[in-house]
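Down below is the structure, laid out as C-alpha coordinates.
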Amino acid sequence: MLKILDKYILKRFIGTFFFSISLMLCIFIVFDISEKLQDFVASKIPLKEIIFDHYLNFIPFYGNLFSPLFTFISVIFFTSKMAYKTEFVAILSSGTSFRRILRPYMIGATLITVMSLILNHFIIPRSNKVRIAFEDKYINNGYNTEERNIHKQIAPGTILYLADYDNFSNSAHYISIEKIANNKQISILKADNMKWDSLEGVWNLTNVFERELIYVPLDSAKPGMPKQVFKEIHRSFPSKKIRIDFTPKDMLRLQSRFEVLPYFELKDFIIKEKIKGSSRIAFFEVEMYKRTAFPFATFILTIIGVSISSRKIRGGVGLHIALGLVLSCVYILFMHISTTFATSDMGPPLLMVWIPNIIFSFVAFYLYKNAQQ
(Lines give C-alpha, C1' and ligand atoms only; values in the text may rest on other atoms or scores of the structure.)
Protein backbone atom coordinates (compact mmCIF):
# COMPACT_ATOMS: atom_id res chain seq x y z
CA MET A 1 0.00 0.00 0.00
CA LEU A 2 1.31 3.43 -0.94
CA LYS A 3 2.22 5.73 1.92
CA ILE A 4 2.43 9.53 1.99
CA LEU A 5 6.10 9.53 0.89
CA ASP A 6 5.34 7.17 -2.01
CA LYS A 7 2.42 9.28 -3.22
CA TYR A 8 4.42 12.49 -2.87
CA ILE A 9 7.41 11.28 -4.91
CA LEU A 10 5.34 9.28 -7.42
CA LYS A 11 3.09 12.26 -8.14
CA ARG A 12 6.07 14.52 -8.79
CA PHE A 13 7.80 11.81 -10.85
CA ILE A 14 4.90 11.08 -13.19
CA GLY A 15 3.84 14.73 -13.38
CA THR A 16 7.34 15.95 -14.27
CA PHE A 17 7.79 13.14 -16.82
CA PHE A 18 4.61 13.87 -18.77
CA PHE A 19 5.12 17.63 -18.55
CA SER A 20 8.70 17.47 -19.87
CA ILE A 21 7.97 14.99 -22.65
CA SER A 22 4.86 16.95 -23.72
CA LEU A 23 6.90 20.13 -23.84
CA MET A 24 9.62 18.51 -25.95
CA LEU A 25 7.06 16.92 -28.30
CA CYS A 26 5.55 20.36 -28.91
CA ILE A 27 9.04 21.62 -29.82
CA PHE A 28 9.59 18.59 -32.11
CA ILE A 29 6.26 19.25 -33.86
CA VAL A 30 7.07 22.93 -34.39
CA PHE A 31 10.44 22.04 -35.95
CA ASP A 32 8.84 19.29 -38.05
CA ILE A 33 6.17 21.67 -39.35
CA SER A 34 8.75 24.32 -40.22
CA GLU A 35 10.81 21.71 -42.07
CA LYS A 36 7.94 20.13 -43.99
CA LEU A 37 5.56 23.06 -44.44
CA GLN A 38 6.75 23.67 -48.00
CA ASP A 39 6.12 20.01 -48.86
CA PHE A 40 2.67 20.14 -47.26
CA VAL A 41 1.71 23.19 -49.33
CA ALA A 42 3.34 22.02 -52.58
CA SER A 43 1.68 18.60 -52.40
CA LYS A 44 -1.68 20.13 -51.39
CA ILE A 45 -2.04 17.59 -48.61
CA PRO A 46 -5.46 17.65 -46.90
CA LEU A 47 -5.28 19.02 -43.36
CA LYS A 48 -7.09 15.92 -42.10
CA GLU A 49 -4.29 13.64 -43.37
CA ILE A 50 -1.56 15.89 -41.93
CA ILE A 51 -3.17 15.76 -38.47
CA PHE A 52 -4.46 12.19 -38.30
CA ASP A 53 -2.05 10.28 -40.56
CA HIS A 54 1.16 12.11 -39.73
CA TYR A 55 1.12 13.94 -36.40
CA LEU A 56 -1.26 11.63 -34.55
CA ASN A 57 1.26 8.85 -35.26
CA PHE A 58 4.30 11.12 -34.92
CA ILE A 59 3.55 11.83 -31.24
CA PRO A 60 3.57 8.24 -29.85
CA PHE A 61 6.58 7.26 -31.97
CA TYR A 62 8.90 10.04 -30.79
CA GLY A 63 7.38 10.24 -27.32
CA ASN A 64 8.10 6.56 -26.70
CA LEU A 65 11.49 6.73 -28.44
CA PHE A 66 12.77 9.27 -25.90
CA SER A 67 10.78 8.08 -22.87
CA PRO A 68 13.75 6.49 -20.98
CA LEU A 69 15.87 9.61 -21.46
CA PHE A 70 13.06 11.94 -20.40
CA THR A 71 12.46 9.69 -17.41
CA PHE A 72 16.11 10.22 -16.52
CA ILE A 73 15.97 13.98 -16.96
CA SER A 74 12.66 14.21 -15.06
CA VAL A 75 14.07 12.24 -12.11
CA ILE A 76 17.15 14.45 -11.98
CA PHE A 77 15.09 17.64 -12.25
CA PHE A 78 12.59 17.11 -9.44
CA THR A 79 14.97 15.10 -7.23
CA SER A 80 17.58 17.88 -7.43
CA LYS A 81 14.94 20.38 -6.36
CA MET A 82 14.07 18.14 -3.39
CA ALA A 83 17.76 17.87 -2.48
CA TYR A 84 18.24 21.64 -2.83
CA LYS A 85 15.43 22.17 -0.32
CA THR A 86 17.10 19.60 1.99
CA GLU A 87 14.00 17.38 1.82
CA PHE A 88 16.19 14.29 1.52
CA VAL A 89 18.08 15.23 4.66
CA ALA A 90 14.78 15.35 6.56
CA ILE A 91 13.59 12.04 5.09
CA LEU A 92 16.86 10.24 5.86
CA SER A 93 17.02 11.79 9.35
CA SER A 94 13.62 10.25 10.11
CA GLY A 95 15.17 6.81 9.75
CA THR A 96 13.99 6.12 6.20
CA SER A 97 16.65 4.28 4.21
CA PHE A 98 17.76 5.28 0.74
CA ARG A 99 16.53 1.90 -0.48
CA ARG A 100 13.06 2.73 0.86
CA ILE A 101 13.16 6.11 -0.88
CA LEU A 102 13.76 4.30 -4.19
CA ARG A 103 10.45 2.42 -3.90
CA PRO A 104 8.17 5.11 -5.44
CA TYR A 105 10.79 5.78 -8.11
CA MET A 106 10.75 2.09 -9.08
CA ILE A 107 6.93 2.09 -9.15
CA GLY A 108 6.98 5.07 -11.51
CA ALA A 109 9.69 3.45 -13.65
CA THR A 110 7.61 0.24 -13.82
CA LEU A 111 4.53 2.12 -15.03
CA ILE A 112 6.54 3.89 -17.73
CA THR A 113 8.34 0.66 -18.76
CA VAL A 114 5.10 -1.34 -19.09
CA MET A 115 3.52 1.46 -21.11
CA SER A 116 6.60 1.66 -23.34
CA LEU A 117 6.68 -2.13 -23.90
CA ILE A 118 3.04 -2.20 -24.98
CA LEU A 119 3.59 0.76 -27.30
CA ASN A 120 6.82 -0.68 -28.76
CA HIS A 121 5.54 -4.17 -29.48
CA PHE A 122 1.88 -3.67 -30.40
CA ILE A 123 0.69 -0.08 -30.93
CA ILE A 124 3.54 1.90 -32.52
CA PRO A 125 4.24 -0.67 -35.32
CA ARG A 126 0.65 -0.19 -36.54
CA SER A 127 0.89 3.60 -36.27
CA ASN A 128 4.26 3.46 -38.08
CA LYS A 129 2.53 1.82 -41.02
CA VAL A 130 0.31 4.88 -41.45
CA ARG A 131 3.10 7.40 -40.74
CA ILE A 132 5.63 5.82 -43.12
CA ALA A 133 2.99 5.46 -45.86
CA PHE A 134 2.21 9.18 -45.48
CA GLU A 135 5.88 10.16 -45.69
CA ASP A 136 6.51 7.93 -48.71
CA LYS A 137 3.46 9.30 -50.51
CA TYR A 138 3.90 13.02 -49.87
CA ILE A 139 7.33 13.79 -48.39
CA ASN A 140 9.57 11.30 -50.19
CA ASN A 141 7.63 11.54 -53.45
CA GLY A 142 7.10 7.81 -53.28
CA TYR A 143 9.83 5.28 -52.69
CA ASN A 144 11.60 3.51 -55.52
CA THR A 145 14.53 1.20 -54.92
CA GLU A 146 17.84 2.06 -56.55
CA GLU A 147 19.12 -1.51 -56.30
CA ARG A 148 20.33 -3.20 -59.47
CA ASN A 149 21.24 -6.83 -60.17
CA ILE A 150 19.20 -7.98 -57.18
CA HIS A 151 19.68 -11.52 -55.84
CA LYS A 152 17.26 -12.94 -53.27
CA GLN A 153 16.94 -16.43 -51.84
CA ILE A 154 13.16 -16.89 -51.78
CA ALA A 155 13.27 -20.49 -50.54
CA PRO A 156 15.97 -23.02 -49.61
CA GLY A 157 17.88 -23.67 -52.83
CA THR A 158 15.81 -21.19 -54.86
CA ILE A 159 17.47 -17.95 -56.04
CA LEU A 160 15.58 -15.08 -57.62
CA TYR A 161 17.49 -12.60 -59.81
CA LEU A 162 16.13 -9.22 -60.94
CA ALA A 163 18.06 -6.84 -63.18
CA ASP A 164 16.05 -3.96 -61.67
CA TYR A 165 12.76 -3.30 -59.91
CA ASP A 166 10.18 -0.50 -60.09
CA ASN A 167 8.20 0.07 -56.88
CA PHE A 168 5.69 2.32 -58.62
CA SER A 169 4.55 -0.28 -61.15
CA ASN A 170 5.59 -3.36 -59.11
CA SER A 171 7.45 -4.78 -62.10
CA ALA A 172 10.93 -6.07 -62.91
CA HIS A 173 13.03 -6.71 -66.01
CA TYR A 174 15.24 -9.64 -67.03
CA ILE A 175 14.42 -12.02 -64.22
CA SER A 176 15.51 -15.57 -63.49
CA ILE A 177 14.57 -18.19 -60.90
CA GLU A 178 17.20 -20.85 -60.34
CA LYS A 179 16.71 -24.01 -58.28
CA ILE A 180 19.69 -25.88 -56.84
CA ALA A 181 19.87 -29.27 -55.09
CA ASN A 182 23.01 -31.06 -53.90
CA ASN A 183 25.13 -28.23 -55.31
CA LYS A 184 23.69 -28.82 -58.79
CA GLN A 185 21.32 -26.75 -60.83
CA ILE A 186 18.07 -28.65 -61.45
CA SER A 187 16.09 -25.94 -63.21
CA ILE A 188 16.13 -22.31 -64.28
CA LEU A 189 13.36 -20.03 -65.45
CA LYS A 190 14.06 -16.82 -67.38
CA ALA A 191 11.71 -14.04 -68.47
CA ASP A 192 12.01 -10.59 -69.97
CA ASN A 193 9.49 -8.96 -67.64
CA MET A 194 7.65 -9.67 -64.41
CA LYS A 195 4.62 -7.68 -63.14
CA TRP A 196 2.59 -8.14 -59.98
CA ASP A 197 -1.12 -9.00 -60.21
CA SER A 198 -2.61 -7.74 -56.94
CA LEU A 199 -6.01 -9.33 -57.58
CA GLU A 200 -4.73 -12.89 -57.94
CA GLY A 201 -1.57 -12.47 -55.88
CA VAL A 202 0.66 -13.83 -58.67
CA TRP A 203 3.42 -12.57 -60.96
CA ASN A 204 2.73 -12.28 -64.69
CA LEU A 205 5.80 -13.18 -66.76
CA THR A 206 6.37 -12.46 -70.45
CA ASN A 207 8.62 -14.21 -72.98
CA VAL A 208 9.38 -17.12 -70.65
CA PHE A 209 12.04 -19.78 -71.14
CA GLU A 210 12.41 -22.81 -68.83
CA ARG A 211 15.28 -25.27 -68.67
CA GLU A 212 14.98 -28.40 -66.55
CA LEU A 213 17.87 -30.79 -65.88
CA ILE A 214 17.14 -34.44 -65.10
CA TYR A 215 20.12 -36.36 -63.73
CA VAL A 216 20.33 -40.09 -64.59
CA PRO A 217 22.83 -42.28 -62.64
CA LEU A 218 24.97 -44.78 -64.56
CA ASP A 219 25.18 -48.17 -62.89
CA SER A 220 28.08 -49.41 -64.99
CA ALA A 221 30.25 -46.34 -64.84
CA LYS A 222 33.94 -47.14 -65.51
CA PRO A 223 36.83 -45.46 -63.64
CA GLY A 224 37.38 -41.96 -64.95
CA MET A 225 33.92 -41.90 -66.52
CA PRO A 226 31.03 -39.76 -65.13
CA LYS A 227 28.78 -41.56 -62.66
CA GLN A 228 25.69 -39.83 -64.02
CA VAL A 229 24.47 -37.99 -67.04
CA PHE A 230 21.66 -35.52 -67.45
CA LYS A 231 19.15 -34.63 -70.07
CA GLU A 232 17.63 -31.23 -70.64
CA ILE A 233 14.00 -30.28 -71.16
CA HIS A 234 13.34 -26.88 -72.69
CA ARG A 235 10.02 -25.03 -72.62
CA SER A 236 8.99 -21.61 -73.94
CA PHE A 237 5.85 -19.58 -73.25
CA PRO A 238 4.76 -16.13 -74.45
CA SER A 239 3.39 -15.52 -70.93
CA LYS A 240 3.03 -17.37 -67.66
CA LYS A 241 1.66 -16.80 -64.15
CA ILE A 242 3.70 -17.94 -61.15
CA ARG A 243 3.20 -17.80 -57.39
CA ILE A 244 6.43 -17.55 -55.35
CA ASP A 245 7.40 -16.49 -51.84
CA PHE A 246 8.21 -12.99 -53.02
CA THR A 247 5.83 -10.01 -53.16
CA PRO A 248 6.16 -6.22 -53.63
CA LYS A 249 6.40 -5.91 -49.83
CA ASP A 250 9.84 -7.52 -50.04
CA MET A 251 11.05 -4.56 -52.11
CA LEU A 252 9.88 -1.84 -49.74
CA ARG A 253 12.55 0.20 -47.99
CA LEU A 254 14.06 -1.73 -45.09
CA GLN A 255 12.31 0.29 -42.35
CA SER A 256 8.91 -0.23 -43.98
CA ARG A 257 9.39 -3.99 -43.83
CA PHE A 258 9.96 -4.49 -40.09
CA GLU A 259 9.11 -1.27 -38.24
CA VAL A 260 5.43 -1.78 -39.11
CA LEU A 261 5.21 -5.34 -37.72
CA PRO A 262 3.82 -6.00 -34.21
CA TYR A 263 5.73 -8.43 -31.99
CA PHE A 264 4.25 -11.76 -33.08
CA GLU A 265 4.21 -10.81 -36.77
CA LEU A 266 7.84 -9.71 -36.51
CA LYS A 267 8.80 -13.06 -34.95
CA ASP A 268 7.08 -14.95 -37.79
CA PHE A 269 8.72 -12.64 -40.32
CA ILE A 270 12.20 -13.36 -38.88
CA ILE A 271 11.55 -17.13 -39.01
CA LYS A 272 10.54 -16.90 -42.68
CA GLU A 273 13.57 -14.75 -43.51
CA LYS A 274 15.86 -17.29 -41.84
CA ILE A 275 14.34 -20.07 -43.96
CA LYS A 276 14.98 -17.96 -47.06
CA GLY A 277 18.57 -17.39 -45.97
CA SER A 278 18.17 -13.60 -45.88
CA SER A 279 21.29 -11.52 -45.23
CA ARG A 280 19.24 -8.95 -43.28
CA ILE A 281 18.37 -11.13 -40.30
CA ALA A 282 20.56 -9.06 -37.94
CA PHE A 283 18.59 -5.88 -38.76
CA PHE A 284 15.29 -7.57 -37.95
CA GLU A 285 16.55 -9.15 -34.73
CA VAL A 286 18.06 -5.87 -33.54
CA GLU A 287 14.69 -4.19 -34.06
CA MET A 288 12.90 -6.88 -32.04
CA TYR A 289 15.40 -6.83 -29.15
CA LYS A 290 15.56 -3.02 -29.03
CA ARG A 291 11.82 -2.88 -28.45
CA THR A 292 12.43 -4.61 -25.11
CA ALA A 293 15.91 -3.43 -24.12
CA PHE A 294 15.28 0.30 -24.52
CA PRO A 295 12.21 0.43 -22.21
CA PHE A 296 14.09 -1.55 -19.53
CA ALA A 297 16.73 1.17 -19.55
CA THR A 298 14.13 3.22 -17.66
CA PHE A 299 14.90 1.28 -14.45
CA ILE A 300 18.66 1.74 -14.81
CA LEU A 301 18.49 5.43 -15.66
CA THR A 302 16.04 6.05 -12.81
CA ILE A 303 18.44 4.56 -10.24
CA ILE A 304 21.32 6.57 -11.71
CA GLY A 305 19.22 9.75 -11.70
CA VAL A 306 18.19 9.38 -8.06
CA SER A 307 21.69 8.45 -6.93
CA ILE A 308 23.44 11.46 -8.46
CA SER A 309 20.77 14.09 -7.74
CA SER A 310 19.65 13.20 -4.21
CA ARG A 311 22.72 14.87 -2.67
CA LYS A 312 22.79 18.66 -2.32
CA ILE A 313 25.90 19.99 -4.07
CA ARG A 314 27.33 23.34 -5.12
CA GLY A 315 25.86 24.18 -8.52
CA GLY A 316 22.42 22.82 -7.62
CA VAL A 317 19.87 21.71 -10.19
CA GLY A 318 21.83 23.06 -13.16
CA LEU A 319 24.86 20.88 -12.49
CA HIS A 320 22.71 17.79 -12.00
CA ILE A 321 20.85 18.40 -15.27
CA ALA A 322 24.13 18.96 -17.13
CA LEU A 323 25.50 15.69 -15.73
CA GLY A 324 22.26 13.96 -16.69
CA LEU A 325 22.48 15.20 -20.28
CA VAL A 326 26.09 13.97 -20.53
CA LEU A 327 25.14 10.51 -19.29
CA SER A 328 22.16 10.47 -21.68
CA CYS A 329 24.42 11.22 -24.62
CA VAL A 330 26.87 8.51 -23.53
CA TYR A 331 24.02 5.98 -23.30
CA ILE A 332 22.73 6.89 -26.78
CA LEU A 333 26.29 6.61 -28.14
CA PHE A 334 26.71 3.15 -26.59
CA MET A 335 23.36 2.01 -28.01
CA HIS A 336 24.25 3.28 -31.49
CA ILE A 337 27.68 1.63 -31.46
CA SER A 338 26.41 -1.71 -30.15
CA THR A 339 23.53 -1.92 -32.66
CA THR A 340 25.93 -1.02 -35.47
CA PHE A 341 28.17 -3.90 -34.38
CA ALA A 342 25.13 -6.21 -34.32
CA THR A 343 23.99 -5.31 -37.84
CA SER A 344 27.58 -5.72 -39.05
CA ASP A 345 27.70 -9.32 -37.76
CA MET A 346 30.34 -8.40 -35.19
CA GLY A 347 28.42 -10.04 -32.36
CA PRO A 348 25.13 -11.73 -31.40
CA PRO A 349 22.29 -9.18 -31.86
CA LEU A 350 20.72 -10.03 -28.47
CA LEU A 351 23.98 -9.40 -26.59
CA MET A 352 24.91 -6.30 -28.61
CA VAL A 353 21.53 -4.67 -27.98
CA TRP A 354 21.67 -5.33 -24.24
CA ILE A 355 25.33 -4.32 -23.74
CA PRO A 356 24.52 -0.63 -22.97
CA ASN A 357 22.02 -1.75 -20.31
CA ILE A 358 24.55 -4.20 -18.85
CA ILE A 359 27.31 -1.56 -18.66
CA PHE A 360 25.00 1.09 -17.22
CA SER A 361 23.70 -1.45 -14.67
CA PHE A 362 27.20 -1.54 -13.15
CA VAL A 363 27.28 2.28 -13.21
CA ALA A 364 23.87 2.36 -11.49
CA PHE A 365 25.01 -0.14 -8.84
CA TYR A 366 28.19 1.86 -8.09
CA LEU A 367 26.29 5.16 -7.81
CA TYR A 368 23.62 3.55 -5.64
CA LYS A 369 26.24 2.18 -3.25
CA ASN A 370 27.87 5.62 -2.99
CA ALA A 371 24.64 7.61 -2.81
CA GLN A 372 23.61 9.62 0.21
CA GLN A 373 22.43 7.10 2.82
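The values are calculated or read from the model by the stated rules, or taken from the named source; none is laboratory data. The structure presented is a predicted model; accordingly, all values stated were derived computationally and were not measured. In this analysis, Cβ positions are derived from the backbone assuming ideal geometry, glycine residues included, and neighbour counts consider all displayed protein chains.
Taking the conditions exactly as written (touching a Ser or Thr at 6+ places or on another chain (Cβ under 6 Å), modelled with pLDDT of 90 or more and not acidic (Asp, Glu)), does Tyr174 satisfy them or not? Please lay out each step first, then the result.
Working: touching a Ser or Thr at 6+ places or on another chain (Cβ under 6 Å): no; modelled with pLDDT of 90 or more: yes; not acidic (Asp, Glu): yes.
No; evaluated as a whole, the condition is false for this residue.
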### Task
Filter the helices (runs of 4 or more DSSP H) completely within segment 74-139 down to those with at least 2 residues that are within 22 Å of the chain's Cα centre (by Cα) and at pLDDT below 90.
124-134
### Summary
When restricted to Leu327, Leu333, the only residue exposed (fewer than 13 other Cβ atoms within 10 Å of the Cβ) and either farther than 20 Å from Pro104 by Cβ or out of contact with any helix residue (DSSP H, G or I) (no Cβ under 7 Å at 6 or more places or on another chain) (or both) is Leu333
### Task
Starting from segment 18-47, keep only residues that are not assigned by TED's automatic domain parsing to the domain that holds Gly108 and surrounded by 15 or more Cβ atoms within 10 Å (Cβ to Cβ), then list their pairs with residues that are of a type outside the set (Lys, Arg) and assigned to a helix (DSSP H, G or I) whose Cβ atoms are within a distance under 7 Å, requiring at least 6 positions of separation or different chains.
none
### Filter pass, Val41 being more than 19 Å from Tyr368 (Cα to Cα) and not polar (S, T, N, Q)
yes
### Message
When you check Arg126 against the structure, is it without any contact (Cβ under 8 Å) to a residue 24 or more places away in the chain, farther than 15 Å from Arg12 by Cβ and either touching a Leu at 6+ places or on another chain (Cβ under 7 Å) or not β-branched (Val, Ile, Thr) (or both), yes or no?
### Response
no
### Query
Mind checking whether some residue in segment 192-200 is touching a helix residue (DSSP H, G or I) at 6+ places or on another chain (Cβ under 9 Å) and over 27 Å from His234 (Cα atoms)?
yes
### Query
Take the residues of segment 241-258 that are modelled with pLDDT of 85 or more and part of a loop (DSSP other than H, G, I, E, B): which is surrounded by the fewest Cβ atoms within 10 Å (Cβ to Cβ)?
Arg243
### Task
Kindly indicate the residue of segment 164-185 that is at positive phi and without any contact (Cβ under 8 Å) to a residue 40 or more places away in the chain and also nearest to the chain's Cα centre (by Cα) among those meeting that condition.
Tyr174
### Query
Just wondering, is there one or more residues in segment 267-286 that are over 30 Å from Glu178 (Cα atoms) and either touching a helix residue (DSSP H, G or I) at 6+ places or on another chain (Cβ under 6 Å) or assigned to a helix (DSSP H, G or I) (or both)?
yes
